[in-house]
1. Find how much the distance from Arg41 to Gln19 grows on full extension, using 0.36 nm per residue of separation minus their present alpha carbon separation; answer in nm with one decimal.
2. With +1 on each Lys and Arg Cβ and -1 on each Asp and Glu Cβ, how big is the dipole of segment 9-76 about its Cα centre, in debye rounded to the nearest 20?
3. According to a simple spin-label model (label point 7 Å from Cα along Cα-to-Cβ), what is the distance in nm between Cys102 and Asp31?
4. Does segment 9-76 classify as rounded, prolate or oblate by the C-alpha gyration tensor (a ≥ b ≥ c root eigenvalues; a/c under 1.5 gives rounded; else a/b over b/c gives prolate, otherwise oblate)?
5. What relative contact order, as a whole-number percentage, does segment 9-76 give when Cα pairs under 8 Å and 6 or more residues apart are counted?
6. Which of His119, His40 comes first, and how do the rest follow, when ranked by fewest Cβ neighbours within 10 Å?
Amino acid sequence: MASSNSPCAACKFLRRKCQPECAFAPYFPPDQPQKFANVHRIFGASNVTKLLNDLHPHQREDAVNSLAYEAEMRLRDPVYGCVGVISLLQHQLRQLQVDLYCAKSELSRYQNLSINANHAFVGSESGAVGYQHQQNNNSGSYYQHHHHHHHHQFFPQQQMVRSFDGGSNYDASLLAMNISASLGQLNQLPAGGGDDRRTVNNPS
């Protein structure tokens, strides 16, 4: 029973006294009269009473809410009722699944294009770096070759200078030795500077 002064919506609709053990009172409060009116119109009060008595107390609330929803949908759509709503929701779900699949396919295609573009960009960058590295190597080899060539061009001149210096030292030493030998020979001559020429007697 909803309260001591207000009967439940079911008893009020049926115009009967709401008893303390009323099976409708916990699920059809006085402020929801349309809920019971729809259920009674579609399923009948007696059928609802039998259904609630066959269920466990913890299942009755869900059962009443389901009956109320089915009754409201049947009044809105007498042909299909809640089945029409379920079919519409299933159709929308399938359409969303198709849209999701198309979106994933489109996204995958763009990702593949982006990956291919990145690979092409990396390949072009690698080729440019390799070409620059080769040019640097060629420039270094050219510089080393010409530097080595100029070094060999100057090296014979240095050898010639050294040979010339060595030859000059050798000639100077030889000249000094000749002068010393000549002085030695002069020192061995007789003192007084006499003429050692023999006198030739005149045969007359």
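FYI, it's all coordinate maths here, none of it is from the lab. Remember, it's a predicted structure, so these values are computed and weren't measured experimentally. Positions of Cβ are generated from backbone atoms using ideal geometry, with glycine treated the same way; all protein chains shown enter the neighbour counts.
1. Full extension from Arg41 to Gln19 adds 5.7 nm.
2. Its charge dipole is roughly 380 debye.
3. 4.7
4. Cα axes put segment 9-76 in the oblate bin.
5. 33
6. If I rank by nearby Cβ atoms, fewest first, I get His119, His40.
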